[in-house]
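Input: a single structure, listed below in structure tokens.
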Amino acid sequence: MKEKSFQILLSKDDKRNDSQASEYLDNQTKNLGLPIASQRKIFRIGMELYQNLVSHRHPNHLGLLRITVDSSDKVRIVSINFCRKEKLDLAEKKFFSLRDSKDARINFMRKLVEKTDSNGKNQGDFGLDFCFRYSKEKYFKKFTRSNSPDIIYLAFSFPIDE
Amino acid sequence: MNRLIIEPSFKTPAIDFDGETGILSIRGRVFPENPFQYFSPLTAWLTDYSSLPSKETILIFSLSYFNSTANEYLFRCAKMIESLVSQGHNGKIVWEFESDDDDMKQIGEDFKELLKIKFDLKAIN
């Protein structure tokens with residue numbers, strides 16, 4: 001298959017709201033012409049990463065969500081975010097905790113109960129847990145951070161027929 | 001008990017909570033802009049309904065997508081039905097998923113394991 005891709009670039013000039021971004025992600029994902037299971041996975045992981053970008057992004061800096069299907073029929077979902085340092089520290093801690101946990105499912109269920117029991121008080125980020133749950137952790141390929149500027153790079157990858 | 005009907009949108013589900021029949025359904029996609037605001041009338045309706053529920057309550061989830069925040073609110077709705085059952089009322093949850101949607105099936109299995117209530121997982125084509 002010939003490589004196909006699309007992206008959502010967030011910048012201070014971007015006037016797109018959440019609904020427009022999700023419709024764009026949905027339409028562009030459908031246009032890739034992949035099996036329905038891959039389309040679902042791209043939309044689900046993509047939406048969580050997009051919402052992470054929006055909530056963690058430094059308002060004057062860029063954020064990028066890029067979806068690529070390469071010539072070897074692999075999907076790559078990448079997000080790159082210039083974010084506030086404290087957000088980056090939290091995301092890094094969360095990523096390593098998820099990566100090192102033995103069971104994404106148990107972790108996800110425990111977090112769901114904790115958040116529900118806290119009755120709205122526990123507003124911590126649940127997006128990465130959700131991505132791990134959907135992606136069965138094996139698709140989570142990379143977490144990289146850099147300092148000055150503070151950047152998070154996240155990448156998922158999976159075959160189109162899985 | 002008033003019937004609560006909310007039309008679906010691209011980001012929000014069709015809601016049909018029928019207090020007479022006890023059949024309450026949430027169908028479609030769930031990722032509202034403001035989940036707290038969106039779910040407030042639903043949880044308020046469920047709280048009212050809990051004071052005088054139907055002979056049997058069936059909460060049907062038939063969802064194609066929901067985000068991590070909505071997940072928490074959906075689980076809260078399910079817990080409210082669990083609470084009704086724990087008080088001696090009849091009730092169950094039906095979790096419908098497309099037969100080839102493993103992710104939605106697995107999240108249904110998570111809900112089932114966490115709730116002490118009759119819970120049917122139902123594949124649909």
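The values are calculated or read from the model by the stated rules, or taken from the named source; none is laboratory data. Source: prediction; values computed, not measured. Note: ideal-geometry Cβ built from the backbone for every residue, glycine included; neighbour counts use all protein chains shown. Please note that ligands, DNA and RNA were not included when accessible areas were found on the heavy atoms of the full protein model with its side chains. Shrake-Rupley method; radii C 1.70, N 1.55, O 1.52, S 1.80 Å.
Looking at this structure, is B:G91 within 14 Å of another protein chain (Cβ to nearest Cβ), touching a strand residue (DSSP E or B) at 6+ places or on another chain (Cβ under 8 Å) and either buried (at least 17 other Cβ atoms within 10 Å of the Cβ) or part of a strand (DSSP E or B) (or both)? Against the criterion (within 14 Å of another protein chain (Cβ to nearest Cβ), touching a strand residue (DSSP E or B) at 6+ places or on another chain (Cβ under 8 Å) and either buried (at least 17 other Cβ atoms within 10 Å of the Cβ) or part of a strand (DSSP E or B) (or both)), B:G91 does not qualify.
Within the stretch B:67-85, being within 12 Å of chain A (Cβ to nearest Cβ) and either touching a Gly at 6+ places or on another chain (Cβ under 6 Å) or of a type in the set (D, E) (or both) holds for B:S68, B:E72, B:E82. Within the option set B:T47, B:T21, B:T43, being farther than 24 Å from A:K115 by Cβ and either at pLDDT 95 or above or assigned to a helix (DSSP H, G or I) (or both) holds for one residue only, B:T21. Return the residue satisfying two criteria in turn: it lies in the stretch B:64-88 and is of a type outside the set (G, A, S) and open to solvent by 10 Å² or more (accessible area, probe 1.4 Å), and of such residues it is farthest from A:S38 (Cα to Cα). Taking the candidates together, the pick is B:Q87. Of the residues making up the stretch A:1-39, those that are within 15 Å of B:K11 (Cα to Cα) and either in a helix (DSSP H, G or I) or β-branched (V, I, T) (or both) are A:D18, A:S19, A:Q20, A:A21, A:S22, A:E23, A:Y24, A:L25, A:D26, A:N27. Sort out which residues of the stretch B:97-125 are in a strand (DSSP E or B) and without any contact (Cβ under 8 Å) to a residue 60 or more places away in the chain, and write them in order of number. Answer for the stretch B:97-125, where residues must be in a strand (DSSP E or B) and without any contact (Cβ under 8 Å) to a residue 60 or more places away in the chain: B:F97, B:E98, B:K118, B:F119, B:D120, B:L121, B:K122, B:A123. Scanning the stretch A:11-60 for residues that are away from every other protein chain (no Cβ under 13 Å), surrounded by fewer than 20 Cβ atoms within 10 Å (Cβ to Cβ) and modelled with pLDDT of 90 or more, we see that the one that is nearest to B:K105 (Cα to Cα) is A:K30. Restricting the first member to the stretch B:52-66 and to residues that are within 14 Å of chain A (Cβ to nearest Cβ) and closer than 17 Å to B:K79 by Cα, and the second to residues that are of a type outside the set (F, W, Y) and assigned to a loop (DSSP other than H, G, I, E, B), no beta-carbon pair is closer than 6 Å while six or more apart or on different chains.
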